[in-house]
Every structure is written in structure tokens, then in C-alpha cells.
Amino acid sequence: DWRTALAPHYVTAERMLGVVDCHSDGPSEQMMRAVAADLGVPDSAHQTRVGIFLGEPGARVADPFFDGDGPERTGCLRCGECLLGCRHGAKNSLVKNYLYFAEKLGVQIRPERTVVSIRPLGAADGSDGYEVITERPGAWLRRDRQVHLARGVVLAGGALGTTELLSRARAAGD
């Protein structure tokens, strides 16, 4: 029962991403309610859950999600650019939450690197650590290949990037 197994992790992710109900009632929300009513399922239309700090539009405030321990936030301007990435500081994202706290705990984040290989050191289960090989993305020359050793690794390359990396590792016998 995957829903039950994953439920506590969805709760954690929603907390980390500051998910709230968007109480907007613009044309798109009105249309969704009308379509749901026309289909005979009016109760299926509900407020969208978003990982955005709604707050006072444009106002910069101390972290409202983690007792002030997180980065400052800016209230949503309701400009609609959140799907492509908020340029105004309202969207709660991997960088604003997970990576921010990871760095505070001493995790080293290596930006602008692409992982090209990952394999366990010693024991096949990774209990002895991992070797992670990275390169500069898009570089044809001077790829600056680097080898990193780590006790643990979190793969966060999205559905496609993570799957591709793991498939390559399996094909290489790692």
C-alpha cells in the first residue's frame, strides 16, 4: 500500500516546502469550479496547494516556516511566474529549504557539476561510502572531471536525471 507507506514523507515534504492552500479566486479557479459543476462533481474543485509564501505581496520578512531559522521570504506578488521559477523570492524550493538547511549542517554543495558516475566503495550496499565523479555540464573541453568521496549520497536529479544515473551505474556494474 504505497499511499500509506509514503504518507509521512508527503507530510515532511509539505512542511519543508511550506505548502499552503492558495486562496485565489481568479478566472481559472472560477472556471475549474464551473467545469466541475458541469461534470456533476462540484465537490472535486478545491483550492490549489502551493509551496509559496503568500504573505503581504512584495514584503520581505524573516523566515515564517522554521521558527526564523530559514532564509528570508518575500510575499507572493501573484504574477503567475511560479511555474517557471519565482524571480521574487516567494516560492519555497529545494534551494530555499532543503539545501539551505543542509549547508547549515555542514553539507558541501557543488553547484554547476553533473554527476557522471556513482559507485559504492568496498561493500556493495554503500556502507563503506561512495565515489562520485562529476564534470562541468555542457563542457566539450576542460570538463574538469573531479572525484569526490562521501559517506552518503542523496540523489536529487529528478525523475529523469536520477533514473539515468542509476541506469548507467547498473550497466557499468556499480
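The values are calculated or read from the model by the stated rules, or taken from the named source; none is laboratory data. None of these values were measured; they are calculated from a predicted model. Note that we place each Cβ from the backbone using ideal geometry, even for glycine, and neighbour counts take in every protein chain shown. Side chains included, ligands, DNA and RNA excluded: accessible areas come from the protein's heavy atoms. Shrake-Rupley method; radii C 1.70, N 1.55, O 1.52, S 1.80 Å.
Here are the criteria: (1) touching a residue at least 40 places away in the same chain (Cβ under 8 Å); (2) outside any strand (DSSP E or B); (3) open to solvent by 80 Å² or more (accessible area, probe 1.4 Å); (4) not small (Gly, Ala, Ser). Tell me which single one Arg119 does not satisfy.
Evaluating Arg119 over (1) touching a residue at least 40 places away in the same chain (Cβ under 8 Å); (2) outside any strand (DSSP E or B); (3) open to solvent by 80 Å² or more (accessible area, probe 1.4 Å); (4) not small (Gly, Ala, Ser) leaves (2) as the failure.
The rows are residues; the columns are (1) open to solvent by 40 Å² or more (accessible area, probe 1.4 Å); (2) closer than 23 Å to Val11 by Cα; (3) touching a residue at least 12 places away in the same chain (Cβ under 8 Å); (4) within 18 Å of the chain's Cα centre (by Cα).
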site: Val35; (1), (2), (3), (4): yes, no, no, no
site: Pro42; (1), (2), (3), (4): yes, no, no, no
site: Ala45; (1), (2), (3), (4): no, yes, yes, no
site: Leu54; (1), (2), (3), (4): no, yes, yes, no
site: Arg60; (1), (2), (3), (4): yes, no, yes, no
site: Gly68; (1), (2), (3), (4): yes, yes, no, no
site: Leu99; (1), (2), (3), (4): yes, yes, no, yes
site: Val107; (1), (2), (3), (4): yes, no, no, yes
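If a residue must be within 20 Å of Gly158 (Cβ to Cβ) and at pLDDT below 90, how many such residues does region 117-145 contain?
Filtering region 117-145 down to residues within 20 Å of Gly158 (Cβ to Cβ) leaves 117-118, 130, 132-138.
Next, only the ones that are at pLDDT below 90 stay: 137-138.
So the count comes out to 2.
So that you can scan it fast, the table gives a plain yes or no per residue for (1) assigned to a loop (DSSP other than H, G, I, E, B); (2) of a type in the set (D, E, K, R); (3) free of Cβ contacts under 8 Å to residues at least 40 places away in the same chain; (4) surrounded by fewer than 14 Cβ atoms within 10 Å (Cβ to Cβ):
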site: Glu112; (1), (2), (3), (4): yes, yes, yes, yes
site: Gly138; (1), (2), (3), (4): yes, no, yes, yes
site: His148; (1), (2), (3), (4): no, no, yes, no
site: Leu165; (1), (2), (3), (4): no, no, no, no
site: Ala169; (1), (2), (3), (4): no, no, no, no
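Mind listing whichever residues of region 1-33 are closer than 25 Å to Phe65 by Cβ, assigned to a loop (DSSP other than H, G, I, E, B) and open to solvent by 60 Å² or more (accessible area, probe 1.4 Å)?
His23, Asp25
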